[in-house]
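Peer 1: First the structure, which I've put down as structure tokens, then a few questions once you've had a look.
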Amino acid sequence: MQLGRFPRVPAAYLPTPLEEMERLTKRLGGPKLYIKRDDNTGLALGGNKARKLAYLIGDALQRGCDALITVGGPQSNHCRMTAAMGAKYGLKVVLVLTGEEPPHYQANLLIDTLLGAELVFTSAEGKEEIDAVLEAQAKRLEEEGRRPYIIPLGGSTAVGSLGYVEAMMELVQQANLGHISIDHLIVATGSGGTQGGLLLGSVLLNASIDVHGIMVSPREPDYMKGLIEGVVAEGYRLLTGADASDEQMGGIETAINLHPEYAGPGYGVATADGIEAIELLARTEGILLDPVYTGKAMAGLIDLVKQGGFAGDETVVFLHTGGAPGLFAYSENFQRGMKQR
């Protein structure tokens, strides 16, 4: 595995901390819980996308591109961090944002504008329609004399996934140095690239860590599994120069653990369990999550512990993928939840 041969730019403060959550472990009655603090990557208030963007921007610069185009919801962490990377490396950034333009910009959307990104709101739905909008923006920039680089939703490409192959290497090294035996890794799964990169890293390192994806939008699990398989297969090809064998891909398919039951009614729609999970972690560990991704993922972790999904003597790591700026767009959800309790 030769990650060093792929172009990469500095994007994050690494390694991010691996911390034990003693009070949360005690509150839930086990198993032993740790948190990998990828909310502390540093770039524009942090988050997991810095790892992916390190490789994606490296690829863009190697290709001579001078503009970035990507897509997400109005409160997308990926869009925020893409805008930051564009500012850092002198690249024009166009953010295609799905849904209606809100009357007031706040949280991630406000940060996007501070970073100088051009915002394009679209009513397009579905991958084909959104891809058409991205291509139209690319054509416009080309007509302006620029060389655009399109980054798909969440940066979930094989190139982007290399950032989480590297993260798995980092986590395994930290565990070895700390004499920690990790059994399970919990991550919020949106577009599948982070989970795919972690799974590929686990396979290549023979780490024997079960990677669980807590789905944050109500997609079909089989569809998500297909996305993750695609990222893993292409990432394997990039890293090794060969296709994974049928036997290897069969093992990878079996190893894709998805939990769709915590997603709620829609992407970006806060859930009551997610809000409670955010409050619980804040009040036991002083760590802030967000309602779109990590709150739902933590709600999943808490429920899996309560349902006996992990043995009492196992060790579970929660990957904090960031997103705390999104808290400020959901103040009504927290106020409503507190009143109801």
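Peer 1: Taking the criterion of being in a helix (DSSP H, G or I) and at pLDDT below 95, would at least one residue in the stretch 311-324 satisfy it? Lay out the reasoning, then the answer.
Peer 2: Here is the first cut: in the stretch 311-324, the residues in a helix (DSSP H, G or I) are 324.
If we keep only those that are at pLDDT below 95 too, we end up with 324.
Yes, that holds for at least one residue.
Peer 1: Here's a check for you: in the stretch 273-304, which residue that is touching a strand residue (DSSP E or B) at 6+ places or on another chain (Cβ under 8 Å) and closer than 13 Å to Arg27 by Cβ is surrounded by the fewest Cβ atoms within 10 Å (Cβ to Cβ)?
Peer 2: Out of the qualifying residues, it is Glu285.
Peer 1: While we're looking at this one, here's another question. Restricting the search to the stretch 99-123, which residues are of a type in the set (A, V, I, L, M, F, W, C), part of a strand (DSSP E or B) and surrounded by 17 or more Cβ atoms within 10 Å (Cβ to Cβ)?
Peer 2: Passing the criteria: Leu119, Val120.
Peer 1: Which one of these is touching a helix residue (DSSP H, G or I) at 6+ places or on another chain (Cβ under 8 Å), farther than 30 Å from Ala272 by Cα and among the β-branched types (Val, Ile, Thr): Val211, Val203?
Peer 2: The conditions single out Val203.
Peer 1: Could you check how many residues of the stretch 260-303 are over 17 Å from the mean Cα position of the chain (by Cα) and among the polar types (S, T, N, Q)?
Peer 2: 2
This table checks each residue for (1) of a type in the set (S, T, N, Q); (2) out of contact with any strand residue (DSSP E or B) (no Cβ under 8 Å at 6 or more places or on another chain); (3) closer than 30 Å to Val232 by Cα.
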residue: Gln106; (1), (2), (3): yes, yes, no
residue: Val120; (1), (2), (3): no, no, no
residue: Gln137; (1), (2), (3): yes, no, yes
residue: Glu144; (1), (2), (3): no, yes, no
residue: Pro152; (1), (2), (3): no, no, yes
residue: Thr157; (1), (2), (3): yes, no, yes
residue: Met168; (1), (2), (3): no, yes, yes
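Peer 1: Please go through the stretch 248-272 and pick out each residue that is part of a helix (DSSP H, G or I) and buried (at least 17 other Cβ atoms within 10 Å of the Cβ).
Peer 2: Result: Ile252, Pro260, Tyr262.
The values are calculated or read from the model by the stated rules, or taken from the named source; none is laboratory data. Since the model is a prediction, treat every value here as computed from it, not as a measurement. Cβ: placed from backbone, ideal geometry, glycine included. Neighbour counts: every protein chain shown.
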